1. Taking the conditions exactly as written (assigned to a helix (DSSP H, G or I), in contact with an Asp or Glu (Cβ under 6 Å, 6 or more places away or on another chain) and assigned by TED's automatic domain parsing to the domain that holds LEU36), does HIS50 satisfy them or not?
2. Among the residues of the stretch 90-119, write down those that are among the hydroxyl-bearing types (Ser, Thr, Tyr) and surrounded by fewer than 19 Cβ atoms within 10 Å (Cβ to Cβ).
3. From the list ALA229, ALA219, ALA152, exactly one residue is assigned to a helix (DSSP H, G or I) and at pLDDT 80 or above. Which is it?
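The values are calculated or read from the model by the stated rules, or taken from the named source; none is laboratory data. Predicted model, so just to flag it, every value in this text is computed and none were measured. Here the Cβ positions follow ideal geometry from the backbone for every residue, glycine too, while neighbour counts run over all protein chains shown.
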Amino acid sequence: MYAKLLYTLSLFIILILSSSPKSNCAEVYTSASYGLSHSKKAFKAHNFDHQKYYAERALEALEKTRGQVEECGCDGAMNSIEDGIKHLEEAMDPVDWKMGRYHTKRAMEYTYSILDNLDICSTDNEVSSETTDTPESDSRSQNLEESDTVSAEVDQALAEFEQSAEQNLKELNEKIKELGFLMDCESNEFVLDQAEIEKSKEGMFTSIEEAQMFYRAQATKAYKRAVSALEKCGGMQ
C-alpha cells in the first residue's frame, strides 16, 4: 500500500512539471511582447517606485529576448535589443521621474523595432522585402495589436497552468495526508502551509517558466517533507 501511494505522489509531481516551454522565434516574440507591456506600464506609472519596478521587469524580458534571439537567428533585432536594454538600465535608476519616463519611452520605441525585425524574420525573403516597404506607423500599429494579442494569449495560458498546478498540488497534499494516516504517523510535515504558498507566489509570475519553477519547488518540498516524516516514524524501514 505504501509503495502504491508513493508511486501516486510521484505521478502528481510529474503532472505539475509536465508543461513544456515554446521554442523558436515565437518564444522570442512573446518575451519581447512582455518587455513592451512592462515598458508601457513603467511609462504610465505615476508612482516612482512602480516606474522603476516595471522598468526592471521590462529589462528582464529584454535580457531574456537577447538570449533567445541568438537561437532564433534574427540578428537584425539585436541592435534594438541592446539599445532597449541600455535605456531600461537607465530607467531603473533615473535622476528623477521625468527622466525615468523618457528612458522607458525610448525603450518602448526600440521594443517596437524588435517586433518589426521579428516579423521580418518570421517570413520568407520575398515577403520580407514587401514588409520593409510598409509605412513605419502602420507597421508599429500592427505590431502593437499583435503584441497585445500575444500577451493576452500568454496570460490565459499562464492562468490555466496555475489553476492546473494548484489543483494538482492540493491533491498531492491530500495524498500525503492519507499516506501519513495509513502509516499511523502524525506529523505537521504532512500538511502544506497553503497561506505561505499563496503569499510567496503573489504577483511573481510573468511567464509559464516562472510558474513551473515555483510549483516544481513546492511539489519537491512536499515530497521530501513526507519522506522525512515517514523516516522519523519508521515508515521507510
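1. no
2. Pass one, the stretch 90-119, residues among the hydroxyl-bearing types (Ser, Thr, Tyr): 102, 104, 110-113.
The one that is among the hydroxyl-bearing types (Ser, Thr, Tyr) and surrounded by fewer than 19 Cβ atoms within 10 Å (Cβ to Cβ): TYR102.
3. Every option except ALA219 fails the conditions.
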